[in-house]
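A short write-up of the structure that comes next.
What follows draws every value from the coordinates through simple rules; no lab data is involved. All of these numbers come straight from a predicted model, not from anything done at the bench. When we count neighbours, we look across all protein chains shown, and the Cβ atoms used for this are built from the backbone with ideal geometry, even at glycine.
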Amino acid sequence: MKNFKLGFVGAGNMAEAIFSGAIERKVLDSSEIYVFDISEERMSALSEKYSVNTVKNIEELCKKAEMLVLAVKPNILPAVLDELNDIGTKVPIVSIAAGWSALKIKGHLKYDVEVLRIMPNMPLMSGEGMSVFEVPTDFDKEEYIFIKGIFQGLGLVLEQPEKLMDAVTSISGSGPAYVFMFIEALADAGVLNGISRDDSVLLAAQTVLGSAHAVLDSGTHPALLKDAVCSPGGTTIEAVKVLEEKGFRSSIIEAVDACADKSKKL
């Protein structure tokens, strides 16, 4: 498999997770990674920690890298694309910005550039990410296999058509925030009932982790797993009854739907 020198525009947590994972899995050597960020302090820290190359501007990045990863917020992306237009680069682009399809990115560019859109999520940083590749893509087979190999080392990878990517963003992209809120609420309930804060967080987080593994490892529908925990006339079904009365599931569905609508407007 051919390796491509990767250039990162933006050096936030997601960018760090991607290139550190590539280094750890020996997909790339640190010498094959170039980073540009508006924060010189951030670049310096990453260079010291991972021995990656840093550059002074995006133009220098385009000269040194064979593939660009646009790891910036959606509101910053237009300015980055404008700068790429001014530079006139034709380096293949990987974008992880929410709300921007490959077609939308290509429409903003003056030159014919290969674009692959990926929607990763925050657990990528702990090697348990969910990364969704928008298909079809005009990346060639060698390029696609290379970048897919990096993300497969950081969790699971799924392919979805462009029309479903806003829904993907609202479930797996933004989903960790909903899960963190649930863990926090579960831990608060533990504290309310006399358990220490640290122990409550541990109980809640491990319960979520274990439950997720149960779904993925068994292939069983979540409803059946829920039923298996609910004994007749028991404590769990009493709690489920209250969740249903409070609109637990409908509130989640409505929140995800609102998130998808917002993604469409970005």
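Normalising the average separation of contacting C-alpha pairs (under 8 angstrom, six or more residues apart) by the number of residues puts the relative contact order of segment 164-246 at 15 percent.
Computed over the alpha carbons of segment 173-265, Rg followed by Dmax gives 15.0, 47 Å.
Cross-link check: pairs LYS49/LYS90; LYS241/LYS262; LYS2/LYS64; LYS163/LYS226; LYS163/LYS241; LYS63/LYS265 evaluated at a Cα-Cα cut-off of 26 Å; pairs beyond the cut-off: LYS49/LYS90; LYS241/LYS262; LYS163/LYS226; LYS163/LYS241; LYS63/LYS265.
What FRET efficiency do you get for ASN85 and ASP188 if R0 is 51 Å and r is their Cβ-Cβ distance, rounded to the nearest 0.05?
Using R0 = 51 Å, I get an efficiency of 0.55.
Label sites at TYR144 and LYS73, each approximated as a point 7 angstrom past Cα along Cα to Cβ, lie 3.3 nm apart. Inter-label distance, ILE253 to ASP198: 4.2 nm, where each label sits 7 Å from its Cα along the C-beta direction. Scanning the chain for trypsin sites (Lys or Arg not before Pro) in DSSP loops with at most 12 neighbouring Cβ atoms within 10 Å leaves 111-245 as the longest stretch between them.
At 0.36 nm per residue, and after removing the present C-alpha to C-alpha distance, how many nm does the segment from VAL229 to LYS2 gain when stretched out fully?
Working: separation 227, 0.36 × 227 = 81.72 nm, distance 4.86 nm.
Here the answer is 76.9 nm.
Shown here are the Rg and Dmax of the Cα trace of segment 77-227, at 19.5, 62 Å. What is the sum of charges around GLY247, taking Lys and Arg as +1, Asp and Glu as -1, for the other residues whose C-beta is under 15 Å from the C-beta of GLY247? Here the charged neighbours net out to -1.
Need one number for segment 6-162: average projected area of the convex hull over its C-alpha atoms, nm².
Projected area, direction-averaged: 8.1 nm².
From the Cα gyration tensor of the chain, with a ≥ b ≥ c the square roots of its eigenvalues, which class applies: rounded if a/c is under 1.5, or else prolate if a/b is larger than b/c, or else oblate? It comes out prolate by the Cα gyration axes. Mind checking the angle between helix 175-192 and the chain's longest principal axis? C-alpha axes, 0 to 90 degrees, to the nearest 10. In the chain, helix 175-192 runs at an angle near 40 degrees to the longest axis. Taking the chain as a Gaussian network of alpha-carbon nodes connected by springs under 10 Å, the highest mean-square fluctuation of the residues SER172, SER211, SER44 belongs to SER211. Placing dummy labels 7 Å off each Cα toward the beta-carbon, the span from LEU266 to LYS56 is 3.3 nm.
Phi angles across segment 251-266 convert, under the Karplus curve 6.51 cos²θ - 1.76 cosθ + 1.60 with θ = phi - 60°, into 3J(HN,Hα) values of 5, 5, 4, 5, 5, 5, 5, 5, 5, 5, 5, 5, 4, 5, 8, 5 Hz, Gly and Pro given as x.
For SER126 and LYS26, what does the FRET efficiency come to when R0 = 22 Å and r is the distance between their Cβ atoms, rounded to the nearest 0.05? Mind showing how you got there, number by number?
Numbers: r = 19 Å, r/R0 = 0.87.
My answer for the efficiency is 0.70.
Which value in deg cm²/dmol, rounded to the nearest 500, describes the helix-derived mean residue ellipticity at 222 nm for the chain, given -39,500 (n - 2.57) per DSSP H run of n ≥ 4 and division by the residue count? Value at 222 nm, helices only: -16500 deg cm²/dmol.
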